[in-house]
Amino acid sequence: KQTFIKFVPNIVKDEIIYFDFETTGLNPYHNKIIEYCFMIHNDDNCEISDIVNPEEKIEKKITDITGIHPDMFEDKKNIHHHISKIYNFINGTYKQNILSVERKYLVAHNAIGFDSIFLEKALSKLKETKKSVTSDNFVYIDSLLLSRKLLPDLKSHSLSSLARHYNVASGTHRASSDVVCLKTVFECLIEELGKRNNIAYSYYFNYPEEIFKYIYY
């Protein structure tokens, strides 16, 4: 018998969630997560964030960039102790055998080449122990690819460069701060996309699959 899932109490169709990882390095296949933040698009107060123990020594340059010091890991657990909370935050509290899974649009800057790999790697461990876990309903939207397509003449498409371009507060290389910056920059990008296509700004947030199509097709 097929198992279905319903998310409660509030089901939001095609919900957008912004996320960011701070890590021990730039290789998502070998480096470790040291901090994360996930934020719901339509509720700035609905987010989860925490420091993660990488269980290995971090280089001084990472501390210099992020401000995260090794002593901040002392009472923290590794990502495998956080991933269930992250998964439940993305999907909402759910009940089995009711309705099908809603798509969740996960927005990150360099999502395809970086953040999504870290997330899927962490989820793979959870899937080994909980067979009901799936990320088949996750759709990744990469704001880096969006900016490159929408603003091809910019010299740099880093998040900080985009923040300067739109004259908004830049992130501080802490996950929560970077997610706030990401959300603001992403909204600016979508507003610009809407103006170019003569489509209402809100349309793309009601139908995020159209953002996905613009980037990849």
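The values are calculated or read from the model by the stated rules, or taken from the named source; none is laboratory data. On a predicted model such as this, the values are computed, not experimentally measured, just so you know. Using ideal geometry, Cβ is built from the backbone for each residue, glycine included, and neighbour counts are taken over all protein chains shown. The area values use the complete protein model at the heavy-atom level, side chains included, leaving out ligands, DNA and RNA. Shrake-Rupley method; radii C 1.70, N 1.55, O 1.52, S 1.80 Å.
Observations on the structure shown:
- Residue-averaged [θ]222 nm for the chain, counting only DSSP H segments that reach four residues, each worth -39500 (n - 2.57): -11000 deg cm²/dmol
- Apportionment of accessible area to carbon and sulfur, the chain, percent (1.4 Å): 50
- Nitroxide proxy distance, nm - points 7 Å out along Cα→Cβ at Glu209 and Glu191: 2.8
- Cross-linked pairs Lys85/Lys131; Lys85/Lys183; Lys57/Lys77; Lys60/Lys183; Lys32/Lys155: Cα-Cα separations exceed 18 Å for Lys85/Lys183; Lys60/Lys183; Lys32/Lys155.
- Surface accessible to a 1.4 Å probe, per residue, for the residues of the chain, Å²: 53
- Option label - Cα extents along the principal axes in Å computed here, alternatives (1) 67, 39, 27; (2) 53, 50, 30; (3) 49, 48, 37: (2)
- Fully extended contour minus Cα-Cα distance, from Ser124 to Ser161, at 0.36 nm per residue: 10.0 nm
- Computed about its Cα centre, the charge dipole of the chain is approximately 620 debye, with only Lys, Arg, Asp and Glu carrying charge at their Cβ.
- Descending principal axes extents, segment 134-217, alpha-carbon based, whole Å: 36, 30, 21
- FRET efficiency, Lys61 to Leu151 (Cβ-Cβ, R0 30 Å, nearest 0.05): 0.55
- Pairs of Cα atoms farther than 22 Å apart, segment 51-157, %: 49
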